[in-house]
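Take a look at the structure set out below.
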Amino acid sequence: MNQSVFITGATSGIGEACARKFASAGDRLIINGRRKDRLNDLKKSLEDQYKIEVYCAAFDVQNKDEVFESINSLPEKWKDIDILINSAGLALGRDFFDEAPLSDWETMLDTNVNGLLYVSKAVLPFMIKKNKGHIINLGSVAGDEVYEKGNIYCAGKSAVEAISRAMRIDLLRHYIKVTNIKPGAVETEFSVVRFKGDIDKASKVYDGFTPLSADDIAETIFYCASLSPNVCINEIEITPIAQANGIFFNKNL
Ligand code: NDP
Ligand code: 8X3
């Protein structure tokens, strides 16, 4: 497509799958995450396989100064950004409201909400300059239905929903598309992170049904980004066939 795509959270899961998908279409990529070794390996693999250009922007989306410094100091040609995919995010823990550690809540909100705001604010001036752009946020079915012990992860994704709606209204005058992608269960490193490295607990999340893959979501995002300039998909909720929403599953246990 010959577009420039900025992807946060590209070191794993949905972000990484998006990087591979857009690279396979010949796009230029700016890839972000905190793990520099993974970013460098991904850059090399995409450049070798697809003969495209990749720029690594390692920073923590929670750190406002780092975000703005990194994005403002991009080489001039890399500031021409067509698509921003805000995939950096995480859940931490599944605990009752009264038992959950405050630090887990802070990390989730700082990453999933503030991080998305900082990166979007830093990238937007480049899009506004062109009167063109597409911001794709990773919301979740968790933003629509709060489930037991989902409390602040769900609240953060609800905020992503409201922020996406607000962006869509306020950025109308700049011709910037805003899409909120709301997946159900996708098997990535998400559950391993949520259960703080407990692989057994993480894999049990997907017992009795086939979850979506990161590639399923990357295909969906690529579709949204490939439509005519006059078409904006405002939001997509996407689940495996065994899932109705954030709560109801058809599990074969
Ligand atoms: P993964 O754990 O596989 O990937 C998360 C990515 O986010 C990693 O690349 C990680 O990189 C990055 N990240 C986390 N914290 C930060 C940070 N502070 N700064 C920069 N990057 C960060 O999970 P998924 O790919 O599944 O999740 C991607 C998004 O999709 C998240 O927003 C998640 O909430 C959402 N989502 C996931 C679903 C699922 O079932 N998997 C369902 C619905 C939505 P690094 O550690 O290197 O910084
Ligand atoms: C991730 C999906 O169901 O674990 O947003 O909240 S869920």
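Determine, yes or no, whether D207 is more than 17 Å from G13 (Cα to Cα) and either out of contact with any Pro (no Cβ under 6 Å at 6 or more places or on another chain) or more than 9 Å from ligand 1 (Cβ to nearest atom) (or both).
yes
Could you tell me whether S140 is within 16 Å of the chain's Cα centre (by Cα) and touching a residue at least 60 places away in the same chain (Cβ under 8 Å)?
Yes.
So which residues in the range 90-121 are surrounded by fewer than 17 Cβ atoms within 10 Å (Cβ to Cβ) and either in contact with a Pro (Cβ under 9 Å, 6 or more places away or on another chain) or at pLDDT below 95 (or both), if there are any at all?
Answer for the range 90-121, where residues must be surrounded by fewer than 17 Cβ atoms within 10 Å (Cβ to Cβ) and either in contact with a Pro (Cβ under 9 Å, 6 or more places away or on another chain) or at pLDDT below 95 (or both): just D95.
State the number of residues belonging to the range 234-245 that are under 18 Å from K177 (Cβ atoms) and without any contact (Cβ under 8 Å) to a residue 24 or more places away in the chain.
Residues in the range 234-245 being under 18 Å from K177 (Cβ atoms) and without any contact (Cβ under 8 Å) to a residue 24 or more places away in the chain: 0 in total.
All but one of (1) among the hydrophobic types (A, V, I, L, M, F, W, C); (2) touching a residue at least 40 places away in the same chain (Cβ under 8 Å); (3) more than 14 Å from ligand 2 (Cβ to nearest atom) hold for V231; state the number of the condition that does not hold.
(2)
Which count do you get for residues in the range 61-101 that are of a type in the set (D, E) and in contact (Cβ under 8 Å) with a residue 24 or more places away in the chain?
Qualifying residue count for the region: 3.
Quick one: E99 ticks every box in (1) outside any loop (DSSP other than H, G, I, E, B); (2) more than 16 Å from ligand 2 (Cβ to nearest atom) except a single one, so which number is it?
Exception for E99: condition (1).
Say we look at the range 9-54 and pick out the residues that are away from ligand 2 (no atom under 16 Å from the Cβ) and of a type in the set (V, I, T); which of these is farthest from A225 (Cα to Cα)?
T11
Suppose we filter the range 1-20 for residues that are surrounded by 21 or more Cβ atoms within 10 Å (Cβ to Cβ) and in a helix (DSSP H, G or I); how many remain?
Total meeting the criteria: 7.
When the range 63-89 is examined, which residues are found to be surrounded by fewer than 19 Cβ atoms within 10 Å (Cβ to Cβ) and part of a loop (DSSP other than H, G, I, E, B)?
N63, S73, L74, P75, D80
Evaluate the range 173-190: report whether one residue or more is within 15 Å of ligand 1 (Cβ to nearest atom), more than 23 Å from C18 (Cβ to Cβ), at pLDDT 95 or above and over 22 Å from the mean Cα position of the chain (by Cα).
The answer is no, given that none of the residues of the range 173-190 is within 15 Å of ligand 1 (Cβ to nearest atom), more than 23 Å from C18 (Cβ to Cβ), at pLDDT 95 or above and over 22 Å from the mean Cα position of the chain (by Cα).
Mind listing whichever residues of the range 153-192 are of a type in the set (D, E) and touching a strand residue (DSSP E or B) at 6+ places or on another chain (Cβ under 8 Å)?
Once the filter is applied, which keeps residues that are of a type in the set (D, E) and touching a strand residue (DSSP E or B) at 6+ places or on another chain (Cβ under 8 Å), the range 153-192 yields E161, E187.
Give the range 143-160 a look and list any residue that's free of Cβ contacts under 8 Å to residues at least 40 places away in the same chain and in contact with a Gly (Cβ under 7 Å, 6 or more places away or on another chain), or say none.
S158
Which of (1) surrounded by fewer than 21 Cβ atoms within 10 Å (Cβ to Cβ); (2) under 18 Å from the mean Cα position of the chain (by Cα) does K44 not meet, given it meets every other one?
(2)
The values are calculated or read from the model by the stated rules, or taken from the named source; none is laboratory data. This structure is a prediction, so every number in the text was calculated from the model and none was measured. Glycine also receives a Cβ, built like all others from the backbone with ideal geometry; neighbour counts cover every protein chain displayed.
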